Every structure is written in structure tokens, then in C-alpha cells.
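Take a look at the following structure, please.
What follows is calculated from the coordinates using simple rules that are stated; it is not laboratory data. Small disclaimer: the values here were computed from a predicted structure and weren't measured. Cβ: placed from backbone, ideal geometry, glycine included. Neighbour counts: every protein chain shown.
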Amino acid sequence: MNATITALLATSFALAYVQGCAAPRPVAAATSGATAEPVGGSASAQQSERSAPDRTVESPFVKDVGAEPEPPPGTSPSAARRFGAKAPGAREFLVQPGQVWQHLVEDIRPGDEIVFPAGFHPPQTIVGLRGTRERPIVLRSRDRIAAAVGCGEVGWAFEGCSHVIVENILFINPSGAAIAVGGGRAPGDAGPATSDVTIRQCTIRVSRTEPGQDAIRIRSASDVIIDGVRVEGWTDSAVRIQDGRRVLVRGLVAIPNDAAPSSSGVRIEGGSSQVVITNAAFNRGTGTCIAVGTPGAGAPAAEDVTVERSIFDTCATALSIANARRVLFNRCTVVEPSEAVWAVDPAAATVEAVRIENTLVEWSPGRLRRFSPHPAGSSPAGITIGDILVHSAELPTAWEVIGRPFGVQAGSLTEDVDPKLDRASLRPTAPQAQRFGAYVPPAPLNRAAPAAP
């Protein structure tokens with residue numbers, strides 16, 4: 001697991017901060033604040049919101065996102081899909097619906113599996129469940145219909161656990177968080193007490209709304225993988241990372257609940273580091289899709305964050321930066337943002353080595369309030385802008401109102417190409433636009449990074 005995260009981090013960061021040979025040219029700073037009306041006014045923006053197609057955008061490259069769907073009516077019962085071979089000699093512990101099972105922990109050995117039949121299972125706090133790197137402990141559904149966890153404040157909480165895999169489980173209606181990983185350090189332990197936990201092909205479904213409601217919460221934990229998870233409804237964060245180290249979020253599909261606003265997609269709080277978000281899809285109604293860092297002069301910075309090959313559809317802001325170092329926003333597609341494409345938080349204290357490149361942005365006239373708002377007096381030196389494509393029928397006139405991209409331009413700003421997006425997948429069909437956005441193929445793994453000038 002560590003090797004997987006490390007390899008992806010190494011590849012991403014090797015490409016992230018390569019400097020070109022030409023000296024960067026400053027971009028004219030956008031006017032600070034966000035009080036000006038967008039071109040066309042707010043009524044036009046509201047009309048754009050109403051006329052946008054009703055779609056759910058899936059992960060651009062990851063299949064089998066979420067728990068296995070129910071089989072068609074009339075089909076025979078069958079076993080749930082597996083995502084890997086059973087460990088040699090592994091035992092299965094069957095947990096019936098309604099049964100609590102923390103007492104099983106002392107009997108479970110590395111490589112064993114805890115299996116849940118279809119039906120409703122109670123919330124659990126799991127303490128001290130420990131596999132090994134070679135023989136992780138697997139928690140999975142037994143049947144084709146995924147086992148459902150009826151959450152209380154929390155669904156499943158993992159404390160002091162390591163080398164654990166959770167797969168193909170449905171979590172329903174948490175008031176706090178469906179899945180909580182970590183939560184503190186063991187006495188005398190200098191590192192996180194919870195590590196090497198994988199959540200894959202699970203679905204979190206929320207129909208009720210509560211203040212501060214997260215889908216997945218990671219706190220004081222390391223080496224956590226969120227892979228192919230589908231989140232349907234939340235109020236605070238689909239994934240919240242607090243003091244997390246080496247976290248990979250791959251193939252997240254986040255679909256807000258229409259009944260209540262969703263504050264953020266992935267929130268990476270200060271003190272977290274080495275976080276990769278890739279192949280994600282943030283759907284209509286998300287507020288700030290990626291929030292990096294905790295605002296405030298005394299807050300620690302979030303460091304070494306990569307966001308790549310992801311789609312941001314009809315959100316408020318794609319990326320918000322507050323107290324952050326070494327952030328890469330690369331090969332992303334941002335469609336119909338309403339507040340900003342990227343923004344520097346008004347209370348940001350540290351914005352260093354942020355790079356935005358190979359990104360495609362499109363919006364309807366009158367929808368976007370500011371392109372990249374930032375506090376008055378902010379230096380653009382902390383943000384480097386590589387090659388990006390922006391398209392709207394209101395350009396170039398609208399630059400006078402929404403402000404030009406804030407940062408130091410080290411690549412080309414293309415604004416005369418209509419990407420002709422496929423409205424279902426948001427993949428550009430115009431040949432000139434296909435080197436921008438989420439569907440650009442990744443760079444070869446053996447690509448050598450040129451030396452910095």
C-alpha cells in the first residue's frame with residue numbers, strides 16, 4: 001500500500017514543479033474582492049443554472065465506483081464480487097445483520113475476512129484490528145446486494161487499526177461521518193496510531209442533512225486509500241482530512257444532495273501532507289470542491305497536494321487555497337463554476353509553490369463571478385500558471401469584470417478555442433482542446449524531469 005501511494009506521489013511531484021527555460025511573465029493581478037456583478041448580471045447566471053443539463057458526471061477513468069448495485073428483479077442470488085484473491089489459509093467470520101462484532105477482534109488473525117450478508121448492520125467502533133502488509137484483514141459484503149450499515153453519528157470508526165481493507169459496503173445516513181479513520185495516537189506513539197486502511201468500492205448514501213456532516217473523515221492517520229467510492233449527499237465534506245499523511249483519493253464520485261448545500265468536496269486541513277486526488281468527479285451543487293489548508297495566520301500549512309485528472313461540474317469554486325505549500329492542480333476540467341475557478345482564501349497566510357496547468361475551464365456568459373479572487377495586496381508569485389484553456393462567449397470583454405487569472409503565467413493562456421465538450425462526459429471533442437483537461441493521458445512513468453534553471 002505504501003508503495004502504491006509513494007509511486008503515485010513520486011510521479012506526480014516529479015512533473016509538478018518542473019520549471020521551463022523561459023522566464024515567467026507576470027499576469028496582471030485581478031481586482032481583489034468579489035463585489036462586482038458578472039457580465040450579464042446575476043439573473044443571467046441563474047438562468048444558466050436552470051438551463052444546465054441534468055447529468056451525473058462519473059470518474060473519467062475509474063470503473064466500478066461504489067458498492068455493487070442490486071441485481072435486476074428475478075435474478076438468482078449470487079455472491080458479491082471480489083477485488084482480490086483470498087489470502088492463503090484465511091478464515092471467514094460471518095457477522096449476521098444486527099450483530100455487534102468488536103469482540104471478534106481478539107480472535108482475528110492477519111489475512112482473515114469479516115463477511116457481512118445483505119441486510120442492515122449496526123454502527124461499530126473498531127479498535128485494534130491489525131493485519132499485515134502481506135496479509136491485510138478484509139471487511140466485505142457476502143452477497144450481490146451490498147450489506148448496509150445503518151449509521152448513527154458514525155457508521156464504522158477505525159481506531160488503532162492497520163492493514164485493513166473495507167470493500168463493497170453501503171453506508172446510510174450518518175449524522176457525523178459514515179466512515180472515520182483514525183482519531184488519535186496511542187500513548188507514547190510518535191506516529192499515527194491508525195495506518196494502512198483502504199476503503200474501496202463503497203457507497204455512502206445520505207438523505208437527511210445534519211450540520212457538520214462528512215462522508216469520510218480521516219484524522220491523525222497515515223497511508224489511507226479511498227478508491228472508487230461514491231458519495232451521494234453530505235453537508236460539510238465528502239472527504240475530510242485532518243492531520244493526515246500519505247492519503248490517496250482515487251475515483252471519488254461526489255453527488256450532492258439537492259435538499260441542502262454541500263460545503264466542500266475534499267477538505268485538506270492544515271498539518272496534512274502528501275495527499276493525491278485523482279480521477280475524481282465533483283457533481284452539480286458542490287461548494288468548494290478542493291479546499292487546501294486551514295485559514296488563519298497561526299494555522300499550519302497543508303503540504304504536497306496533487307489534484308489531477310478530475311472533473312468539476314457546476315460547482316461554486318474548484319480550488320480554494322489557504323496556508324498551503326507545493327500544490328499541483330493538473331489536467332483538470334472545470335465546467336460552469338459560479339464563484340471562482342481558483343481562489344486564495346481571505347485569511348490565507350502562506351501560499352507557496354502552487355502550480356495550475358493543463359487545465360480546461362468553460363462557463364456560460366454571466367455565470368462566473370470572479371475568475372480567481374484573492375485578498376488585496378496578495379503577491380502573484382506563490383501561484384504559477386502553466387498552459388491552460390479557458391472558453392466563454394463573454395471573453396475577452398469579461399476580463400475587465402471577472403479579473404484575469406491570478407498568478408505568474410509560465411505557459412500559454414488559450415482563450416480562442418471552443419473545446420466543444422461532450423455534454424455527458426465533458427470530454428473535449430475539438431482537436432485543439434484535447435491536450436487540456438481531465439482526459440489528457442498521463443505522462444509516461446519513465447519521463448525524465450529536466451533540471452531547474
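Relative to 2.2 N^0.38 Å, what does the C-alpha radius of gyration of segment 255-360 come to as a ratio? Two decimals please. Let's see the in-between values first.
Numbers: Rg = 12.8 Å, N = 106, 2.2 N^0.38 = 12.9 Å.
Cα Rg divided by the expected 2.2 N^0.38 Å: 0.99.
Give the residue from Gly150, Ile179, Thr132 lying farthest towards the positive end of the charge dipole for segment 132-188; charges sit on Cβ (+1 for Lys and Arg, -1 for Asp and Glu) and the dipole is referred to the Cα centre.
Final value for the positive-end residue is Thr132.
Here is a follow-up. At a Förster distance of 56 Å, what's the computed FRET efficiency of Lys86 paired with Leu395, Cβ-Cβ distance as r, to 0.05?
Details: r = 56 Å, r/R0 = 1.00.
After rounding to 0.05, the efficiency reads 0.50.
Could you pull out every residue, at least 5 positions away or on a different chain, whose amide H is within less than 5 Å of the one on Ile290? Hs are placed 1.01 Å off N in the peptide plane, and Pro or chain starts have none.
Under 5 Å from the amide H of Ile290 lie the amide H atoms of Gly265, Val266, Leu319, Ser320, each far enough along the sequence or on another chain.
Restricting things to Cα coordinates, could you compute the convex hull volume per residue of segment 136-239 in Å³?
Numbers: hull volume 9.7 nm³, N = 104.
In segment 136-239, the Cα convex hull volume per residue is 93 Å³.
Right, something else. What distance in nm separates the two pseudo spin-label positions at Leu413 and Gln434, each 7 Å out from Cα along the beta-carbon direction?
With each label point 7 Å from Cα toward Cβ, the separation is 2.8 nm.
If you don't mind, another one. Can you list residues from other chains, or at least 5 along the same chain, whose modelled amide H is less than 5 Å from the amide H of Ile204?
Sorted by chain and number, the residues that satisfy this are Phe171, Arg230, Val231, Glu232.
Between Leu94 and Asp258, what's the calculated FRET efficiency when r is the beta-carbon distance and R0 is 30 Å? Round to 0.05. Please list the in-between numbers first.
Details: r = 38 Å, r/R0 = 1.26.
Efficiency, rounded to the nearest 0.05: 0.20.
For a quick protection proxy, order the peptides 195-208, 320-333, 342-355, 113-126 by their average other-Cβ count within 10 Å, most packed first.
Details: 195-208: 22.7, 320-333: 25.6, 342-355: 20.9, 113-126: 17.9.
Ranking the peptides 195-208, 320-333, 342-355, 113-126 by packing returns 320-333, 195-208, 342-355, 113-126.
Same structure again: Please report, in cubic angstrom per residue, the volume enclosed by the convex hull of the alpha-carbon atoms of segment 219-308. It would help to have the intermediate numbers written out before the result.
Details: hull volume 7.2 nm³, N = 90.
It comes to 80 Å³ per residue, whole-number rounded.
Based on the Cβ-Cβ distance of Asp387 and Asp64, what FRET efficiency does E = 1/(1 + (r/R0)^6) give at R0 = 30 Å, to the nearest 0.05? Don't skip to the end; give the middle numbers.
Working: r = 32 Å, r/R0 = 1.08.
So the FRET efficiency works out to roughly 0.40.
If I model a spin label as a point 7 Å beyond the Cα along the Cα-Cβ vector, how far apart are those points for Leu104 and Ser379 in nm?
5.6
Could you tally the net charge around Asn323, taking each other residue with its Cβ under 15 Å from the Cβ of Asn323, Lys/Arg +1 and Asp/Glu -1?
On the way: positive: Arg267, Arg325, Arg326; negative: Asp243, Glu269, Glu303, Asp304, Asp345, Glu352.
After counting each charged neighbour, the total is -3.
Can you list residues from other chains, or at least 5 along the same chain, whose modelled amide H is less than 5 Å from the amide H of Leu139?
Residues meeting the amide H criterion: Ile114, Ile165, Val166, Glu167.
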